[in-house]
Structures are given as structure tokens and as C-alpha cells.
1. Quick one: which strands (runs of 3 or more DSSP E) lie wholly within the stretch B:8-48 and hold at least 3 residues that are away from chain A (no Cβ under 14 Å) and either in contact (Cβ under 8 Å) with a residue 60 or more places away in the chain or not aliphatic (A, V, I, L, M) (or both)?
2. Give the residue that is farthest from the other protein chains (Cβ to nearest Cβ), with candidates limited to residues of the stretch A:6-21 that are touching a Leu at 6+ places or on another chain (Cβ under 7 Å) and assigned to a strand (DSSP E or B).
3. Look through the stretch A:31-40, keep the residues that are part of a strand (DSSP E or B) and under 16 Å from A:I75 (Cβ atoms), and return whichever of them is farthest from the chain's Cα centre (by Cα).
4. Quick check on this structure: which one of A:Y97, A:Y87 is more than 11 Å from the chain's Cα centre (by Cα), under 25 Å from B:Y94 (Cβ atoms) and crowded, with 18+ Cβ neighbours inside 10 Å?
5. Please verify whether B:C95 is under 24 Å from A:I1 (Cβ atoms) and either crowded, with 16+ Cβ neighbours inside 10 Å or within 14 Å of another protein chain (Cβ to nearest Cβ) (or both), treating the condition exactly as stated.
6. Within the stretch B:84-102, can you find the residues that are of a type outside the set (F, W, Y), touching a strand residue (DSSP E or B) at 6+ places or on another chain (Cβ under 7 Å) and modelled with pLDDT of 95 or more?
7. What are the residue pairs meeting all of these: first residue in the stretch B:65-88, first residue part of a loop (DSSP other than H, G, I, E, B), second residue charged (D, E, K, R), Cβ atoms under 9 Å, and 6 or more apart or on different chains?
Amino acid sequence: IVLTQSPGIVSLSPGERATLSCRASHSVASNYLAWYQQKFGQAPRLLIYGVSTRATGIPDRFSGSGSGTDFTLTISRLEPEDFAVYYCQHYGGSPAYTFGQGTKLEIK
Amino acid sequence: QVQLVESGGGVVQPGGSLRLSCATSGFTFSPSGMRWVRQAPAQGLEWVALIRYNDIKEYADSVEGRFTISRDKSKNTVYLQMNSLTTEDTAVYYCARAGSGGDLDYWGQGTLVTVSS
């Protein structure tokens, strides 16, 4: 499965809503779809797994949704610390893990 | 708390070898799956290798036959032996724990491997 994220870069202001897309080349039947946040110089941090389950300690302004080939990460009200790069990831098949190319969320 | 600490990165010449280590703590290591993921400079994330709870191993095509993942359950440590390195292997290498939903729920801070003559 190839994951394509859009947009590549999105510019928004704190307080706005962010909608990030991840499209799979084939249907994701297993719900093994996750989202990560990566800030500059840091390791990725798990946000969402199983399409829509927030990881431990993740604020409820982050939500995941979707099915089949189209998935979305929504950040309801952007906080200054949310500006980062976001990756979607699928598990299963060959290769075992695939990542999208990332969406950079920058301050407008 | 869960901690993963990588070590062993550095500068190596093309064709050389390097062994990365990932020391873990704060969780039960033996039944956990472990993964290595890398990130080339200014690039995205690429899965490299995995070792399952039952010690089954899988590799990305780009490293198959050159890299070997292993673990020492007595030391709660996972390793990545990297041979026949090329410049395309230059990256930050992260170890990560396999989560329950096909995710990677905890990550180390990464170790930088630079392949250069």
C-alpha cells in the first residue's frame, strides 16, 4: 500500500481547524492506520492508532477518522505546540509498515 | 515509564559495518515486538526491520541481506547489525515498540548514522 498525504504544506493560525488527509492506494481492511506528530529534531510521537483511537496522553482536540482508502486527522483548534510535521502509517502486507510522505503544518 | 535509548551511531565509510543498540526499560520486553525505523536528512520515515514477540524477523527490501535485527532478552536490548553500508543508508535510526493496533507506540530519541568517505 502507498500512502499519499495532502496537502504537503498547510499554513494556518492558532485557534483554526486543521484537516490533514491520507489516501491509501488500496483499501485498508484491517484498520491498521496510525498518525504521528514529529517536531524538528525530535522523534515521532504516536497520536492516533486504529484509525480513530487517541494514544495515551493525546489531547482530545486531535481526532482521526476514515475508512477504506481515505483517512483524516483533524485538529479542532490549533495550539502553538501543534505546528509540526504529521505522518500517517499503515501496517500489514509487504513492506510491513508504510508511511506517508508527511504534511507540514506551519504557522500562518 | 517506557524508555528506549539508542546508541552505536557514527560515521562509517561505504562498505563498512555498524551495530546499533536500543536499550529498553519500563515495560515487559520479551513479549513485545520491536522495530527499527530510519529517517534520511530532511526526508520522511522509512521502516527498516522488525522482530516479533516470537522472534520472527522481517526487513525492508532496501536492507534485506545487509541488515540483521536481533534481541537479547536478558538485557532488554534490541540490535541492528548493518553491513555493506552505502551513502543511501545515512539517516537517523530510531527503535520503536510495536503497539497493539499496528502502530509504533514508543520511540527512542534516535541515533545518527553517516556513511561517507
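1. In the stretch B:8-48, the matching strands (runs of 3 or more DSSP E) lie at B:10-12, B:18-25.
2. Checking each candidate, the answer is A:L12.
3. Residue satisfying both the conditions and the ranking: A:Q38.
4. A:Y97
5. Criteria met by B:C95.
6. Correct list: B:L85, B:T86, B:T87, B:D89, B:T90, B:A91, B:V92, B:C95, B:A96, B:R97, B:A98.
7. Cβ pairs passing all conditions: B:R66/B:D89; B:N83/B:R66; B:S84/B:R66; B:L85/B:R66; B:T86/B:R66.
Here's the yes/no breakdown for (1) within 13 Å of chain B (Cβ to nearest Cβ); (2) within 24 Å of B:A49 (Cβ to Cβ):
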| residue | (1), (2) |
| --- | --- |
| A:T4 | yes, no |
| A:R23 | no, no |
| A:P59 | no, no |
| A:Q89 | yes, yes |
| A:T98 | yes, yes |
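The values are calculated or read from the model by the stated rules, or taken from the named source; none is laboratory data. What you see is a predicted model; the values in this text were computed from it and never measured. Note: ideal-geometry Cβ built from the backbone for every residue, glycine included; neighbour counts use all protein chains shown.
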